[in-house]
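Structure, as structure tokens:
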Amino acid sequence: MPGLSARCALTRVPAQCRAWSRQLWGPQVLQHRPQCAGSAEAPATGTTTHEATAALQERLTNSDGATTSAAAPDSSDSAPPPKFLTRPGLRDARGALMLKNLTFCELESWCELVGERRQRARQLWRWLYADGALIHDISEATGVANGFSSAFLELFRQAHASIDGGMRLERVHRAADNTRKMVFRLTEGEGAGAAVEAVLIPIVRSGGARPRTTLCVSSQVGCGMNCQFCFTGRLGLCAQLSAAQIVEQMVEARRLVAEEAAVGAPDALAPVTNVVYMGMGEPLHNFDAVLASAAIATHELGLHFSANKVSVSTVGLVPQLRALVASSRCQLAVSLHATTDEVRNWLVPVNRRYPLAELLGALRELFPRSGGRFVLFEYVMLAGVNDSEEDAARFVALANDIECKVNLIIFNTHAGTRFKPSSADQVQRFRSALIQAGRVCTVRDSRGDDEMAACGQLGDVGAMGARAPVLRVPPRFQNALLAAAQG
Ligand code: SF4
């Protein structure tokens, strides 16, 4: 958990605790905070500020054995709050703390900071994220088994907290292959009013294995990476999503699947078991929110996705991918898309900042052969651009010392693109070269493209306007793109 634990804060540095409380409650609410600081059963009204301050002082004295005068000048108002409280986007437009931004440990700290028992976090967490709960509003968890007491509801109200996810599900598109695109409207944060999309992809497996569903979530509105083949990239970066907004996509997906199962829909989706951060945005360009959301997604008391079934994708932000591997057990997926700097500088412009040698050098360190952990390389197959036998041979050489699997992506076309998908034969030749070199290599089929729900097709360029520049095509690829345009 980042920063000091709340218990440390309350028992050792009460003045600092007061400073943090202002962060949590705001100066107006802080006046009333001690009413809630004793216990959930403390009276909500009728206590003077003086009495309440005395109660808080007694609480602090009891906990560390040393009296600290609550009336003494607060010499540490400038003390930093716990690190998690400084993450951007934690609060809604009314200043309420959106609890879905917090990891489990952070929620425990929050409970203590507002005068609750740490165990209350477990109860809250289950109502927010466990199957069969997934409440929209705190009032849904009252008057039922394991529901909240009226005292806690009052505390919750005074603490100025919210369980809103900062977005609402506006509509669901169903593609011919039963893929669903969920379109959300952001209600909070820097992207308020914008739409973001997530995709539910049904996976039917052979050999009697149970079907499952993969959820592809977005981490930004638009994307600042400007990959030249990507529809989302045309938008440019419009806004970062908060952890709550990323988690809410998972919560809504679980709700949707549960609703379909409850009515016995004939083509109901199977349970969501896998999450991929491959929707709108470059996840590692929104690092803190993505890391927090992945921690929330994998916590065993709530959504409980297995860490090895949660994949975070990046185009190659080297410092951030190092940090992710160091701090999370989730899978890392790296979008390679080219085997020379010349081509990658064009297709994936971030390569100019982190060229292939630097990216692959980091992956060699982080994923050594037989190291037990692998990186997934993604490679979109573009006709005449990156799909030659020389490319395949270079790919094998580049990945030589790296424990990896490879996923070839069939390019999904969209309006205005200059690229064309590689032929099925070319994809198979490329795949065979990798397999002969001893690599696991799969091909990701196009899913949901009739509803613009496929990989690289998310976003609404028409509504927001294209804002990212189209880069100059290297001369030797101009013919290939010309052929694509004519074909
Ligand atoms: S491929 Fe991914 S990183 Fe590149 S522009 Fe599209 S969304 Fe952004």
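The numbers here are math on the coordinates, done by the rules we state, and not lab data. Predicted, not measured: the structure shown is a model, and the values here were computed from it. As a convention, Cβ positions derive from the backbone with ideal geometry for all residues, glycine included, and neighbour counts pool all protein chains shown.
Values as computed for the structure displayed
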| quantity | calculated |
| --- | --- |
| Karplus-derived HN-Hα couplings along segment 275-280 (A = 6.51, B = -1.76, C = 1.60, θ = phi - 60°), whole Hz, x at Gly and Pro | 10, 10, 8, 9, x, 5 |
| Rg/Rh for segment 149-291, where both radii come from Cα atoms and Rh is the Kirkwood radius | 1.03 |
| Label point distance in nm, ALA262-ASP131, each placed 7 Å from Cα along Cα→Cβ | 1.5 nm |
| Dimensions (Å) - segment 167-486, Cα atoms, principal axes, largest first | 53, 45, 38 |
| Neighbour net charge for MET182 - beta-carbon separation under 9 angstrom, K R +1, D E -1 | 0 |
| Neighbour net charge for GLN331 - beta-carbon separation under 14 angstrom, K R +1, D E -1 | +2 |
| Gained length - ILE435 relative to ARG467, 0.36 nm times residue gap less alpha-carbon distance | 7.6 nm |
| Near-label residues of segment 168-212 by backbone N, under 13 Å of a point 7 Å along Cα→Cβ of ASP445 | 176-179, 202-206 |
| Sorted by Cβ neighbour density within 10 Å, fewest at the top, the residues SER219, SER206, SER149 | SER206, SER149, SER219 |
| Inter-probe distance in nm under a simple model that places probes 7 Å from Cα toward Cβ, at ASN146 and ARG329 | 2.2 nm |
| Extension reserve of the LEU482-ARG205 stretch, reckoned as 0.36 nm per residue once the Cα distance is removed | 95.9 nm |
| Computed FRET value (nearest 0.05) for ALA192 with LYS83, which takes r as the C-beta separation and R₀ as 25 Å | 0.45 |
| Karplus-derived 3J(HN,Hα), 6.51/-1.76/1.60, for each residue of segment 180-191, Hz, glycine and proline x | 10, 10, 9, 9, 10, 10, 6, 10, 9, x, 5, x |
| Segment ARG174-GLU342, length gained on full extension (0.36 nm per residue, minus Cα span) | 56.6 nm |
